[in-house]
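Peer 1: Sharing a structure with you now.
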Amino acid sequence: MRVLNEHVTRYHRWCTPSILPDQERVEDFYASDVSISAGFFGTLVDHTGIFAEAEAFAAAAQGADRTMFSVHGSSGSNWIVLRTLALERSDALVLVARNIHHSVINAIKAYGLDFRFIPTPYEPRFEAVLPPSADDVLDALTRYPEALAVLYTSPTYEGLAANTRAIARAVHTASDHAMVIVDEAWGGHLRFHPDLPESAMGAGADICVQSTHKLAGGLQQTGLIHWKTARVDSELMEEAYREYVTTSPSYHLLASADAAVRTLASRW
């Protein structure tokens with residue numbers, strides 16, 4: 001995380017070698033640790049100071065209205081997103097793909113939400129369940145019009161990407177309230193190269209979570225939560241975040257996530 005007006009290369013030191021192999025490294029990891037009690041930095045939970053600056057940059061870079069940093073990976077981010085749905089409606093119904101991450105199912109159970117699987121085909125050539133198509137999602141939403149959200153993984157672990165633009169268009173046309181939520185854990189890099197599939201935020205999703213550490217260059221356990229404010233209640237998202245996030249997040253992880261986003265944005 002950038003401190004005051006220090007040059008961008010200072011926090012590039014936190015990036016993993018996969019991003020900047022020639023960048024100076026932190027030699028004494030423990031000596032460089034900083035307590036979250038250093039209030040002049042602002043606070044992560046209140047989204048102030050350098051944290052607000054980093055979130056605003058990440059949101060702009062990823063095409064979101066709002067972004068929050070996660071030190072719990074995409075698993076923790078999924079819990080925050082599902083908690084947001086539970087705060088909005090305690091009996092919310094969520095339509096989920098069959099290959100969704102276990103953190104989604106665990107959060108649904110923990111928060112007492114209801115869910116239905118979106119019918120999705122199995123592709124023997126890839127030995128994988130395909131991401132849902134717009135027709136798959138629309139069919140499920142037609143049967144369950146009360147659903148508060150549609151949630152699926154894209155890209156999948158096998159590298160298969162959904163047509164999120166078509167899905168978002170179908171959902172937003174068919175429902176005045178349903179949200180499109182994409183577990184984009186493996187897609188934090190998508191927005192930054194024209195030859196890659198379209199990113200979830202760029203394609204019109206309402207919420208997406210990313211694991212910055214997977215393909216975006218952050219340290220292990222770093223992640224981002226992005227959303228558009230048209231259908232997402234930002235106050236509920238922030239409340240869910242406060243309930244879940246640690247009050248002592250690692251500055252090493254936060255700096256790494258910030259540096260990774262800025263590096264991606266500056267190179268493409």
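Peer 1: Give me the pairs: first residue in segment 171-188 and in contact (Cβ under 8 Å) with a residue 12 or more places away in the chain, second residue among the polar types (S, T, N, Q) and surrounded by fewer than 24 Cβ atoms within 10 Å (Cβ to Cβ), beta-carbon distance under 9 Å, and six or more apart or on different chains, which are they?
Peer 2: A174/T142; D183/S103; A185/S75; W186/T156
Peer 1: Right, another one. From D183, D258, grab the single residue that is in contact with a helix residue (DSSP H, G or I) (Cβ under 7 Å, 6 or more places away or on another chain), at pLDDT 90 or above, buried (at least 22 other Cβ atoms within 10 Å of the Cβ) and more than 28 Å from F126 (Cβ to Cβ).
Peer 2: On inspection, the qualifying residue turns out to be D258.
Peer 1: Separate question: Just to check your reading of the model, which residue among L224, L236, L253 is modelled with pLDDT under 90 and either closer than 18 Å to P155 by Cβ or among the aliphatic types (A, V, I, L, M) (or both)?
Peer 2: Result of the check over L224, L236, L253: L253.
Peer 1: In the list P155, P194, P145, which residue meets the criterion of being out of contact with any strand residue (DSSP E or B) (no Cβ under 9 Å at 6 or more places or on another chain) and touching a residue at least 40 places away in the same chain (Cβ under 8 Å)?
Peer 2: The unique qualifying residue is P155.
Peer 1: Something else: Between A166, A140, which is touching a helix residue (DSSP H, G or I) at 6+ places or on another chain (Cβ under 9 Å) and among the small types (G, A, S)?
Peer 2: A166
Peer 1: Here is a further query. Considering A161, A140, A168, which residue is assigned to a helix (DSSP H, G or I), among the small types (G, A, S) and either open to solvent by 60 Å² or more (accessible area, probe 1.4 Å) or free of Cβ contacts under 8 Å to residues at least 40 places away in the same chain (or both)?
Peer 2: Matching residue, one of A161, A140, A168: A168.
The values are calculated or read from the model by the stated rules, or taken from the named source; none is laboratory data. Just so we're clear, the structure is a prediction, and the values are computed from it rather than from any experiment. Cβ coordinates were reconstructed from backbone atoms using ideal geometry, including for glycine residues, and neighbour counts include every protein chain displayed. For accessibility, only protein heavy atoms count, side chains too; no ligands or nucleic acids. Shrake-Rupley method; radii C 1.70, N 1.55, O 1.52, S 1.80 Å.
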